[in-house]
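Just below is one structure, and these are the notes that go with it.
The values are calculated or read from the model by the stated rules, or taken from the named source; none is laboratory data. In this text the structure is predicted, and so the values were computed from the model without any measurement. Using ideal geometry, Cβ is built from the backbone for each residue, glycine included, and neighbour counts are taken over all protein chains shown.
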Amino acid sequence: MHVVAILDHPYGASAHANEPHRRSFSAALLRAALDGITRAGGTSDVIDLVTDGFDPVMRAEDLADWRRGGSTDPQVLDYQRRLASADHLVLVFPTWWMSMPAGTKGFLDKVLAKGVAFDEPRPGGALVRRLTRLRGVTVLTPMTTRHGLYRLFFGRPGHRILFRGAFALIGVRGLRWFSFEGPAQRSAAWRSARLARVQRYFERLTTS
C-alpha cells in the first residue's frame, strides 16, 4: 500500500518530539502513522503544506485554470500527481474554529480539482470519480473542544466538509476520522498511548 500524508501545521513535520514550545501533536500523529506504515511494509509520501510554502488562496488565474480542468501552478501539478499515486490518503491538522486550517481547505479547492479528482456530470447527475486508485481517507486531528460539544452542539463541521462535502462527493469510500481532545493539557503517558494506537491502526490498515 502507498499512503500519501498531508500535514497542515505551522511547525511542520519536524516538530514531532515532545519539546515544550516547539512540539506539535499533529506532527507526532503523522510520525506515528508513518512508523506504522513502514513497519507493515508500506510506502509513504509526505506533503508538508506549510513547509512547502503552499498558497491556499484561489486567485483569479487559479480559478481560470480550475474551470478549464487543469493548472499552471507547478506545485499544484506536483501535488495532483502525488495524490493520484495514493492507495490511501491521510490528513493531519489541528482543528481551529471547529474546522481545518486554511492550507487544508486550499488543498481541497486547488488540488482536488475538476478533471483531476472528478469530472462534472450532466445536470442533475453525480460527480464522476477520477481518483480510482484511492481506497480511503483517514483524518487525524487534535482539538481543544470537547468531543461531545464538537459533535452535538457544533455538528462536526470539519467532518462534514471533508467527508460528506468533499471525498464522499467524489466517490471515495473508507473514510475514518480520529480526533484527540486537548493534547496540550494531557500527560506524556496519555500522548504515548494515543500515538501507539495510531501506529497500530496504520499497521493494520497497510496490511489489509
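Of the residues making up the stretch 10-47, those that are touching a Gly at 6+ places or on another chain (Cβ under 9 Å) and over 20 Å from G136 (Cα atoms) are S24, A27. When the stretch 179-201 is filtered for residues that are among the hydrophobic types (A, V, I, L, M, F, W, C) and surrounded by fewer than 16 Cβ atoms within 10 Å (Cβ to Cβ), the ones remaining, listed by number, are A184, A188, A189, W190, A193, A196. Only residues that are of a type in the set (V, I, T) and in contact with a Phe, Trp or Tyr (Cβ under 8 Å, 6 or more places away or on another chain) were counted across the stretch 1-18, and they come to 2. State whether the residues of the stretch 164-182 include one that is at pLDDT below 90 and not β-branched (V, I, T). Within the stretch 164-182, one or more residues are at pLDDT below 90 and not β-branched (V, I, T).
Considering only residues in the stretch 19-66 that are loosely packed, with under 15 Cβ neighbours inside 10 Å and in contact with a Phe, Trp or Tyr (Cβ under 8 Å, 6 or more places away or on another chain), the one that is nearest to L83 (Cα to Cα) turns out to be M58.
When the stretch 38-64 is filtered for residues that are charged (D, E, K, R), without any contact (Cβ under 8 Å) to a residue 24 or more places away in the chain and farther than 28 Å from F178 by Cβ, the ones remaining, listed by number, are R59, E61.
Yes or no, residue by residue, for (1) more than 25 Å from A13 (Cα to Cα); (2) exposed (fewer than 13 other Cβ atoms within 10 Å of the Cβ); (3) touching a helix residue (DSSP H, G or I) at 6+ places or on another chain (Cβ under 7 Å):
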{"residue": "G125", "(1), (2), (3)": "yes, yes, no"}
{"residue": "R129", "(1), (2), (3)": "yes, no, no"}
{"residue": "L134", "(1), (2), (3)": "no, no, no"}
{"residue": "T138", "(1), (2), (3)": "no, no, no"}
{"residue": "L152", "(1), (2), (3)": "yes, yes, no"}
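Given the condition closer than 21 Å to A28 by Cα and in contact with a helix residue (DSSP H, G or I) (Cβ under 7 Å, 6 or more places away or on another chain), answer yes or no: does some residue in the stretch 57-71 qualify?
No, because not a single residue in the stretch 57-71 is closer than 21 Å to A28 by Cα and in contact with a helix residue (DSSP H, G or I) (Cβ under 7 Å, 6 or more places away or on another chain).
Pick from R194, R204: which is touching a strand residue (DSSP E or B) at 6+ places or on another chain (Cβ under 9 Å) and among the charged types (D, E, K, R)? The match here is R194.
Among the residues of the stretch 72-103, those identified as hydrophobic (A, V, I, L, M, F, W, C), out of contact with any helix residue (DSSP H, G or I) (no Cβ under 8 Å at 6 or more places or on another chain), surrounded by fewer than 21 Cβ atoms within 10 Å (Cβ to Cβ) and in contact (Cβ under 8 Å) with a residue 12 or more places away in the chain are A84, A102.
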